[in-house]
Amino acid sequence: MTSSPFNRQTVPLTVPDNRNEQFRRRIPTPVWVDRMVSIGALIGGVAYLGWRGGDTLSDTDLLLSMPLFLAEVVLWLSFGAVVRRAWRRPVPVPAHSGEIAEIAPVVQSVDVLITTLNDSEDAVRISLISCHSLDRPHRVWILDDGGRSEIAALAADHGAEYIHRDNAAGARAGNINNALPLSDADLVLLLRAGDVAFPDLLSYAIPLLASPDVGESATAGVIAAAVERDAERGHWDIETTDTAVVNPSLNQMDAAIWNEGPALFRRALLVELGGLVTDTVTTELATTLALWDQGYCVRTSEITLSEVPGAANLTAELALRDRWARGRMQTLRSSHSPLSSGFSSAQRAAVLGQFGPMLGSVARITIVGVAVVAILSSSVPVNASVGVVAVAWAAAAAVRATARWLLSDGRITPFADTHHELAFLGVHLRSLGTLISGRPAKYRFAPRDGLDPSAKDMLARVPALVVSMVALAAAMVFGVEQFVQDTNALPRNEHAALLIAGFAILVPTVVATSGWVTHRERRIYQRQTVEIATRIDGNVCRVLDLVADGLGIESGTQLAPDSVVTVALRLPDPAGVHHELSLRATVRWSTSHADGMCHAGLEFVDLRPIHRDRLVEFSSVTVPYGRIGRLPETTATVI
């Protein structure tokens, strides 16, 4: 059992039976409605493509019309893969009464392996502290490829083993493989620095390793379903959202994929496999394919068992997306390629669905290119009225977007896939270059803290998207000028329809480009919204957000900037025990409002280590655990 500076015993937790809360539909439609709309969309798509291929391509410039038609085919094939993967809904967890301890066997030993490279000390601390609350006996290991003395000291303070390598071969997979022979545990829980393991993770995940009633393959590992800490860019994170919705359904077909996030594995099976796969930069997907090849599978927990931080900023987001895209392309050339290995049809569809966004980006840039050429050359890439084709395309796309929305239970907004494919256009195009060239992709570290540079610098990071937008915008200006002067060879109604179609393509391109300016990270610390009270020099105040470095408050008393105040907090831990903290803080800023209230930002000073750990535990473990409804009843009213 991990020694803890909190002197907490590892004990079973009694929690509210809210495990199936997440299965309550945001869109309360029966499954047959989702399927009927999806089938209708597919039938409509086939009819539309049949009409396009049979009636609108003759007597056209095939160098212009065929790329457009093929791009549309790709978008519909990508949608078909989504329908195949999301056809089944997750199966709710059976209700039970009593202690969580009754669910899981007690005979298996667990080692928690936390990997880190250049992560901040705070990120490592968050994961360490979350492990103190795990309700099963375990040991914790810090695997530091950075070899930093401060991380070694932090591990010692929290009773964890510390291991570092002389090199970083194989990146994270190599780091874990280096530690596997040193462990003698039955199970290993794999975390990245910054991941939060919820207290009941082991009790819910362990039974899934031996569950005989799901699928047919032996289960090698369990993906501990996670929520993402940074929700501000959630509309860009379509892949993560899609995985969270689809993967539990894929459990029923032995086709769930480990993409990212915490996972619990049988150590002996990983050793038998030769460790995690190291020949791609997407270790998780490659390891899933290797397990499938050996007759094993992974399962996704149907309930939320962890929280993971999103990329700290858009710079890190690009690095993360680049790694995913290039690594997925690498798997096509690997020994476990989904194109050649003997996987089931469900497994092959699940993997090939991972390539949908990349192929979608190729289709989007093709459509933009055709639009630019068509407007500049006054050429119509269809042998039909542009208006008729545009209306038919819009109707089919609307039904497709509705089906996509229903299949994701409203978590993916209509046309979010369009935005995503455009926003990461350059990343996806470069990944195709990796596939064609066969050159190994390099591992890019994606930091989980930091600021973004200026708007100009951010746009420079997405040149393919910016060039596409500028080219299309310039073509539209040229086309509108021709329309006003009536100098275009096309009939005015056809010219107008062509310009309207161009605007319909330009708008999402501009929106995706503007996201790199408007969604930049400008804060050093990610806020953690809470609902608790505090006393500032004896006056009761409302806490708006709280992190280990400070807090934001709302008070009826004005606070002077740069003044030093006393902050009294009473914070619960995940086991339901409250802790009194008396801290000193400096008022960094203060604003007054017309209603007499004051908002202020305070930074803690001279924090004792135990106080910092308590703040981290509350803001990074107790609060997110409370949000998913499984905190002990004694603390439910505090959050």
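Of note:
- Scan of the range 49-69 for residues that are of a type in the set (S, T, N, Q) and over 19 Å from Ala396 (Cβ atoms), ordered by number: Ser58, Thr60
- Some residue of the range 552-559 being part of a loop (DSSP other than H, G, I, E, B), within 30 Å of Ser468 (Cβ to Cβ), touching a residue at least 24 places away in the same chain (Cβ under 8 Å) and open to solvent by 10 Å² or more (accessible area, probe 1.4 Å): no
- Residue that is farthest from Pro199 (Cα to Cα), among those in the range 281-298 that are of a type outside the set (S, T, N, Q) and assigned to a helix (DSSP H, G or I): Asp293
- The helices (runs of 4 or more DSSP H) falling completely within the range 299-389 that include 3 or more residues that are of a type in the set (S, T, N, Q), over 29 Å from Thr219 (Cβ atoms) and modelled with pLDDT of 85 or more map to 356-377.
- When Pro137 is tested against (1) without any contact (Cβ under 8 Å) to a residue 24 or more places away in the chain; (2) within 24 Å of Pro574 (Cβ to Cβ); (3) part of a loop (DSSP other than H, G, I, E, B), exactly one condition is not met: (1).
- Test: residue in the range 154-171 that is surrounded by fewer than 20 Cβ atoms within 10 Å (Cβ to Cβ) and of a type in the set (S, T, N, Q): yes
- Any pair with Cβ under 6 angstrom, 6 or more apart, that starts in the range 619-630 at a residue that is touching a residue at least 60 places away in the same chain (Cβ under 8 Å) and over 12 Å from Ile129 (Cβ atoms) and ends at one that is open to solvent by 10 Å² or more (accessible area, probe 1.4 Å) and in a helix (DSSP H, G or I): Gly629/Glu21
- Residue satisfying all of: in the range 616-639; of a type in the set (Val, Ile, Thr) and part of a loop (DSSP other than H, G, I, E, B); modelled with the highest pLDDT among these: Ile628
- Between His419, His428, the distinction of being part of a helix (DSSP H, G or I), open to solvent by 20 Å² or more (accessible area, probe 1.4 Å), touching a Pro at 6+ places or on another chain (Cβ under 7 Å) and not basic (Lys, Arg) belongs to His419 only.
- Within the range 196-207, considering residues that are under 21 Å from Thr288 (Cβ atoms) and under 23 Å from the mean Cα position of the chain (by Cα), the one modelled with the highest pLDDT: Ala197
- Test: Ile129 is open to solvent by less than 10 Å² (accessible area, probe 1.4 Å) and modelled with pLDDT under 90: no
- Boolean, Arg321 is open to solvent by less than 10 Å² (accessible area, probe 1.4 Å), of a type in the set (Lys, Arg) and within 24 Å of Arg89 (Cβ to Cβ): no
- There is at least one residue in the range 474-488 that is open to solvent by 20 Å² or more (accessible area, probe 1.4 Å), under 30 Å from Gly433 (Cα atoms) and out of contact with any Phe, Trp or Tyr (no Cβ under 9 Å at 6 or more places or on another chain).
- When we screen Leu506, Leu499 for residues that are open to solvent by less than 30 Å² (accessible area, probe 1.4 Å), of a type outside the set (S, T, N, Q), farther than 16 Å from Ala316 by Cα and touching a Gly at 6+ places or on another chain (Cβ under 9 Å), the only hit is Leu499.
- Contact map, the range 396-424: first residue on the phi > 0 side of the Ramachandran plot, second residue of a type in the set (Val, Ile, Thr) and not in a loop (DSSP other than H, G, I, E, B), Cβ cut-off under 7 Å, separation 6 or more or different chains; pairs are Asp409/Val245.
- Extreme residue, nearest to Val277 (Cα to Cα), among residues of the range 147-187 that are of a type in the set (D, E, K, R) and in a loop (DSSP other than H, G, I, E, B): Arg165
- Any hit, the range 364-379, residues being open to solvent by less than 10 Å² (accessible area, probe 1.4 Å) and polar (S, T, N, Q): no
- Looking only at residues of the range 572-601 that are in contact (Cβ under 8 Å) with a residue 60 or more places away in the chain and buried (at least 19 other Cβ atoms within 10 Å of the Cβ), we find that the one that is nearest to the chain's Cα centre (by Cα) is Pro574.
- Tally, over the range 52-70, of residues that are out of contact with any helix residue (DSSP H, G or I) (no Cβ under 7 Å at 6 or more places or on another chain) and over 22 Å from Leu359 (Cβ atoms): 6
- Those residues of the range 165-195 which are out of contact with any Lys or Arg (no Cβ under 8 Å at 6 or more places or on another chain), at pLDDT 90 or above and within 30 Å of Ser619 (Cβ to Cβ), in sequence order: Ile176, Ala179, Leu189, Leu190, Leu191, Asp195
- Check on Asp545, surrounded by fewer than 18 Cβ atoms within 10 Å (Cβ to Cβ) and either of a type in the set (Ser, Thr, Tyr) or on the phi > 0 side of the Ramachandran plot (or both): no
- Of all the residues in the range 299-318, those that are touching a strand residue (DSSP E or B) at 6+ places or on another chain (Cβ under 7 Å) and surrounded by fewer than 23 Cβ atoms within 10 Å (Cβ to Cβ) number 2.
- Every pair of residues 6+ apart whose Cβ atoms lie under 7 Å, when the first sits in the range 339-357 and is within 18 Å of Gln294 (Cβ to Cβ) and of a type in the set (S, T, N, Q) while the second is modelled with pLDDT of 85 or more and surrounded by fewer than 17 Cβ atoms within 10 Å (Cβ to Cβ): Ser341/Asp293
- Positions within the range 25-80 being in a loop (DSSP other than H, G, I, E, B), more than 25 Å from Gly387 (Cα to Cα) and in contact (Cβ under 8 Å) with a residue 60 or more places away in the chain, in sequence order: Arg25, Arg26, Ile27, Thr29
The values are calculated or read from the model by the stated rules, or taken from the named source; none is laboratory data. Every value quoted in this text rests on a predicted model; they were computed, and no experiment measured them. Backbone-built Cβ (ideal geometry, glycine too); neighbour counts: all protein chains shown. These accessible areas exclude ligands, DNA and RNA; they are computed on the full protein's heavy atoms, side chains included. Shrake-Rupley method; radii C 1.70, N 1.55, O 1.52, S 1.80 Å.
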